[in-house]
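Bear in mind that the values in this text are calculations on the coordinates, not laboratory data. Computed from a prediction, not measured in an experiment: that's the story for all the values here. In this analysis, Cβ positions are derived from the backbone assuming ideal geometry, glycine residues included, and neighbour counts consider all displayed protein chains.
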Amino acid sequence: MTIDNELRIAVLPGDGIGREVMDAALTVLDALQQKIAGLHLKYDVLPGGAAYYRDSGVALPDETLRGADEADAILFGAMGLPDVRGADGTEIVPQLDLRFHFNLYAGVRPYRYLRGTPSPLADPRAETIDFVLVRESTEGLFASRGKGVVEDDAVARDMLVITRATSERLFDFAFQLAARRKERGRPGRVTCVDKANVFASMAFFRKIFDERAGRFPDLEADHWYVDAMALELVRRPWDFDVLVTENMFGDILSDQAAALIGGMGYAPSGDIGDDHALFQPAHGTAPDITGQGKANPTAMILSVAMMLDWLGRQHGAEACTRAAIRLEEAVERAFAERGLRTCEYGGPDGTEVVTRAVLDALAT
């Protein structure tokens, strides 16, 4: 039976700890559906990943692509295994295929300190860290994926691509995000991170940024070179609001940023396009701890909150918006009140303990 206002979620658990943190997230999401009136989600669990590729020769079967296309959102665990590679020596990473297939141009990586966790930075201001990195996810240096060449075992070439159409959408997305954050008390500032002093492609990227900034006169806009930004993210990450950058720069800076709030297990993400969106923890499959119960599900659970917030705006689903807020609050309370110590800090609290703490916070 189909429930009125039911939304379909394509669930791709993937490989390694992807399956473990996905189980945790769905357990929490089931509990949330019991708490939020009008929240009706149906899960379609779909196959794919590196292990699936090893067994079948296909990373994303047609049924998975169809299911993802028909869904209202895609919830993704983690995919890829270091020993499963294609003919060119690169890993099997179906999440990149989905980004390109659905034109998910905005990779959104929020970073916010969770009260109750030890800060890696010896500065009390670290407890005010709250910024978002928006990474272009379909072009830049990643446009060369599968197209790079090696000539006579002497020279390898990959090409960076920046287009006006994608950059305009990306910058508008970043400014609109900053506007929503400004309503909640954040500065309302977008920082373009580039290397415009060296590369023509980056000078073009910055030129388009400045053009689009003019469409948002109530927001601030500034620029940083990527190498300087890497330094400043360590020195004063609490001073930034929304950062927007090219694909490879964003890939690198997003991992650095995760370290500022405790590690990849605390870093959720969303890959968002005009019509589709995929939400996943920023971490990988961690085969070294798979099956040991150590995996931190926080990033996966917070990715669910991001998905609910997006569904609320995309579909005008007020129940999803309320659920997103309730879930974020539950995660914050779980850490603030329980003093949880996950494996990132060398602590004993694994998947089950963190999940139970979030469930308890939801129940009260």
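Shape verdict for region 87-175, please, from the Cα gyration tensor: rounded (a/c under 1.5), prolate (a/b greater than b/c) or oblate.
prolate
Please report, in debye to the nearest 20, how large the charge dipole of the chain is about its Cα centre when each Lys and Arg carries +1 at its beta carbon and each Asp and Glu carries -1 there.
920
Which of 115, 189 comes first, and how do the rest follow, when ranked by fewest Cβ neighbours within 10 Å?
With the fewest neighbours first, 115, 189 line up as 115, 189.
At a Förster radius of 45 Å, what calculated FRET efficiency corresponds to the Cβ-Cβ distance of residue 222 and residue 151, to the nearest 0.05?
The value I calculate is 0.65.
Would you mind getting me the FRET efficiency between residue 125 and residue 164? Use the beta-carbon distance for r and R0 = 35 Å, nearest 0.05.
On the way: r = 38 Å, r/R0 = 1.09.
Efficiency, from the Cβ-Cβ distance: 0.40.
Counting only C-alpha contacts under 8 Å and six or more residues apart, can you give the relative contact order of region 93-248 as a whole percent?
For region 93-248, the relative contact order is 29 percent.
Give me, ordered by chain and number, the residues 5 or more places off residue 282 or on other chains with an amide H under 5 Å from its own placed amide H.
267, 269
Can you tell me, using C-alpha contacts under 8 Å and at least 6 residues apart, the relative contact order of region 233-283 as a whole percent?
24
In deg cm²/dmol and to the nearest 500, what is the mean residue ellipticity at 222 nm of the chain if only DSSP H runs of at least 4 residues count, each as -39500 (n - 2.57), divided by the residue total?
Roughly -13500 deg cm²/dmol at 222 nm, from the helical runs in the chain.
Ordered by residue, what ³J(HN,Hα) values in Hz, to whole numbers, does region 314-328 give under the Karplus form 6.51 cos²θ - 1.76 cosθ + 1.60, where θ = phi - 60° and Gly and Pro are x?
Result, rounded to whole Hz: 5, 10, x, 8, 4, 5, 5, 4, 5, 5, 4, 5, 4, 6, 4.
HN-Hα J couplings of region 235-251 from phi, Karplus 6.51/-1.76/1.60, θ = phi - 60°, integer Hz, Gly and Pro as x?
Listing the rounded values in order: 6, 8, x, 5, 8, 9, 10, 10, 10, 10, 7, 5, 4, 5, 4, x, 4 Hz.
Among the lysines, which fall within straight-line cross-link reach of residue 207, defined as a Cα-Cα distance under 29 Å, with same-chain neighbours fewer than 8 residues apart omitted?
147, 182, 195
Using a Förster distance of 41 angstrom, determine the FRET efficiency expected from the C-beta separation of residue 101 and residue 352, and round it to 0.05.
0.75
What number, in percent, do you get for the relative contact order of the chain if the mean sequence gap of Cα pairs under 8 Å and at least 6 apart is divided by its residue count?
Taking the mean separation of contacting Cα pairs over the length of the chain, I get 22 percent.
What distance in nm separates the two pseudo spin-label positions at residue 144 and residue 198, each 7 Å out from Cα along the beta-carbon direction?
The two pseudo-label positions are separated by 1.3 nm.
Under a point spin-label approximation (7 Å from Cα along Cα-to-Cβ), what is the residue 30-residue 179 distance to one decimal in nm?
Going from the residue 30 label point to the residue 179 one covers 4.1 nm.
Could you give each residue of region 330-342 its phi-based ³J(HN,Hα) in whole Hz, using Karplus coefficients 6.51, -1.76, 1.60 with θ = phi - 60°, and x for Gly or Pro?
Going residue by residue, I get 5, 5, 4, 5, 4, 7, 5, 8, 9, x, 4, 10, 8 Hz, with x marking Gly and Pro.
Size of the dipole of region 119-261 about the Cα centre, Lys and Arg at +1 and Asp and Glu at -1 on the beta carbon, nothing else charged, in debye to 20?
Dipole of region 119-261, to the nearest 20 debye: 460 debye.
Rank 121, 28, 57 by how far each Cα sits towards the positive end of the charge dipole of region 1-134 (+1 on Lys, Arg Cβ; -1 on Asp, Glu Cβ) and give me just the farthest.
121
Considering only the chain, what is the antiparallel percent among its DSSP beta bridges, to the nearest 5?
Restricted to the chain, the bridges split so that about 45 percent are antiparallel.
So if I take the alpha carbon set of the chain, get Rg, then get Rh from the Kirkwood formula, what is the Rg over Rh ratio?
That ratio is 0.95, to two decimals.
Using every pair of alpha-carbon atoms in region 119-261, split the distances into 10 Å bins beginning at 0 and state the percent of pairs per bin, rounded to integers.
11, 39, 33, 13, 4, 0
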